[in-house]
Each structure stands twice: as structure tokens, then as C-alpha cells.
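What follows draws every value from the coordinates through simple rules; no lab data is involved. The shown structure was predicted, so the numbers you read here are calculated from the model rather than taken from an experiment. With ideal geometry, Cβ positions are generated from the backbone for all residues, glycine too; neighbour counts draw on all protein chains shown.
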Amino acid sequence: MLDALISGKLIKDTELKTSQNGKPYCQFLLGVNAEGPDNIVVSGIAFGSHADRISRLGKGDALAVIGAIKPTDWQDKNTGETRHGLSVTVNNVLSVYDISKKRKTSNFQSSRSEANDEEG
């Protein structure tokens, strides 16, 4: 099994679903820039808290995932051509919103430290 860090933009909106045994999951499609004219399409699935985080994103949002990858093939509905891509089972997630949230927390903590230093 290969693990990889994959980053790209969501090709369509995501949706949080629940499995028959009650566990949340989210399937998604990422367009990943590659050399050449075509993007690589990466289909993914995430479970639990990772699924919840990804489901809050929408078409066009940037996303980076880490997980187990495998090659996939499918028939293009429009042309009938065999297309190639990758699928990933997610074990970690990072989005722009995570970075923004961490920066706000970091800036807040930094401001508090500076205020305490001035008082002390």
C-alpha cells in the first residue's frame, strides 16, 4: 500500500452520509494539477471526523489529504474513452480553513502573551 499527500481543488460539492452501521463518511473528487493539459482526478473517501471536516467544503475549495492511494480506471461517459486516476482512503485532512483557524488561535495566544509581558 502507498501513502501519499495529495492537494487540489474539489471538483464538485461534498455531502456527509451515514453508513448502515451509523458511521459518517464523505466521498469527494479532487482535481490535481499535473504536467500536461489534463488534471488528474482523485476520488476519495473519508470517515469519522475527517468526513465531517471535508463535508463542510464545496466545489472549488482547496483541500489536501493524506492517505492510502491506488490507481483506478473508468469509462468517460461522453467519449467512451478509458480514463485513469487515483483513489485515496483518507487518514488526515488539511484545508485552508484549518490554517486560518490555527492562525487566529496562534495570534490570539500571541496577543495574550504580549499583554501579560507588558503587565508583568
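What FRET efficiency comes out for ASP52 versus THR79 if R0 is 41 angstrom and r is the Cβ-Cβ distance? Round to the nearest 0.05.
E(calc), rounded to 0.05, equals 0.70.
If you take the beta carbon distance between ALA62 and ASP3 as r and set R0 to 22 Å, what does 1/(1 + (r/R0)^6) give as a FRET efficiency, to the nearest 0.05?
Numbers: r = 20 Å, r/R0 = 0.93.
About 0.60, to the nearest 0.05.
Sorted by mean Cβ packing within 10 Å, highest first, what order do the peptides 47-60, 28-41 take?
47-60, 28-41
Quick one: Debye curve from the C-alpha atoms of the stretch 2-95, no solvent, what's log10 I(q)/I(0) at q = 0.12 Å⁻¹?
So the normalised log intensities work out to -0.37.
In percent, how large is the relative contact order of the stretch 2-95, given Cα pairs closer than 8 Å and 6 or more residues apart?
Once normalised by length, the contact order is 32 percent.
Set Lys and Arg Cβ to +1 and Asp and Glu Cβ to -1, take the dipole of the stretch 2-95 about its Cα centre, and tell me which of GLN20, VAL42, ALA68 lies farthest positive.
GLN20
Which of the peptides 62-70, 1-9 is most tightly packed, and how do the rest follow, judged by the mean count of other Cβ atoms within 10 Å per residue?
The packing order, highest mean first, is 62-70, 1-9.
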